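The values are calculated or read from the model by the stated rules, or taken from the named source; none is laboratory data. What you see is a predicted model, and the numbers here were worked out from it, not measured in a lab. Here the Cβ is made from the backbone with ideal geometry for all residues, glycine too, and neighbour counts use every protein chain on show. Calculation scope for accessible area: heavy atoms of the full protein, side chains included, ligands and nucleic acids excluded. Shrake-Rupley method; radii C 1.70, N 1.55, O 1.52, S 1.80 Å.
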Amino acid sequence: MRDLKEIAKLFLKLGIIGFGGPAAHIAMMQDEVVVKRKWLSEQEFLDMIGATNLIPGPNSTEMAIHIGHERGGWRGLIVAGLCFILPAVLITGIFAWLYKLYGQLPEVQPFVYGIKPAIIAIILGAIFPLAKKSLKSLQLIILGILVLIGALFGISEIYLMFGAGIVALTLAYAQQGNSSKLSIFFPISLASIQTTAIVSATNTSLFWIFLKIGAVLYGSGYVLFAFLDTELVVTGLLSRRELIDAIAVGQLTPGPVFSSVTFVGYQINGLAGAVVSTIAIFIPSFLFVALLNPMVKMMRNSKIFSAFLDAVNVASVALIVAVSFEMGKDAITDWRTILIAVISVAIAFGYRKVNSAFVVIGGSLMGYLLTML
């Protein structure tokens, strides 16, 4: 019970302060569970990052579920996932209600202005020790550089992840020099599922739309919004303006970007639509992690598949670096954001024991004050 309380307390906190998207969430989790609490080693944490990239769904939510499972079994899995998701869902639900009532979102842009560069500093501070741990050989360094270049040129992350893993797996198998059968681990849901037009906005139809998206979606929250455009805007259930505002809410609120579906569901079918949509999109993440978690340890204990996992880990780090670079181009645009970023980086690297929440809050307040100048 004590472990469950610790899990709940940690992931409620992360769900409330977790601004900046999956890369930032994972950075905060690394700081909390590896550096401060020592629940996991850096290698175990890296293995989980690699594993979450192999399956569909929101990476940071699946990391929370993995960590909960490691710390508290299946009860910890449920507690960690729910505590990380619920704050974002509740905050998004409030935004959805206000939007339905007034037709617009509250003005919070000055605060977000300073959060974004601070978040990049948090990501870089966390990814540095993970990068040192994952780059174990010249082969892995080369793979990491190639994945980073591929990501910056817009190649799909799933191709990069599995490409790096399969290259390392093939090399390890060749070096092993045995004739045992080689079976390659593939993601559960790579088969394409055809989109069907939805005739009416019933809660049942919403459930199946979001269950399917949660079960097949790889990539960032922006990929989610592309799915929503196809499934809801094109079929007339949601206006493009509402979709754009849902994207804005996803960026403004802490926790997983997938909580945007709470906003979408509320606009379509009120409170019931919000609840149904939210439950449906997160169900696959719990199931996939429950199935995958034991396999990660089996892969680490196999020499050949350990090479696969090492390559996936390096690719994961490279992808986070690429995300940080793209975020930086959008977030660091003038002297104010440069100043916030420099101060945040200095704190993240120079004072590693400072809670990442203070960096986020500090960036937010600096952003607000500097925009007043």
On the given criteria, is residue 197 modelled with pLDDT under 80 and under 30 Å from residue 275 (Cα atoms)? yes
(1) modelled with pLDDT of 75 or more; (2) in contact with a Ser or Thr (Cβ under 9 Å, 6 or more places away or on another chain); (3) open to solvent by less than 50 Å² (accessible area, probe 1.4 Å) all hold for residue 163 apart from (2)
Scanning segment 289-327 for residues that are surrounded by fewer than 17 Cβ atoms within 10 Å (Cβ to Cβ) and within 20 Å of residue 153 (Cα to Cα), which turns out modelled with the lowest pLDDT? 326
Which pairs have Cβ atoms under 8 Å, sit 6 or more apart or on different chains, and link a residue in segment 163-176 that is among the hydroxyl-bearing types (Ser, Thr, Tyr) to one that is surrounded by 16 or more Cβ atoms within 10 Å (Cβ to Cβ) and assigned to a helix (DSSP H, G or I)? 173/304
So is residue 285 buried (at least 19 other Cβ atoms within 10 Å of the Cβ) and either in contact with a Leu (Cβ under 6 Å, 6 or more places away or on another chain) or of a type in the set (Asp, Glu) (or both) or not? no
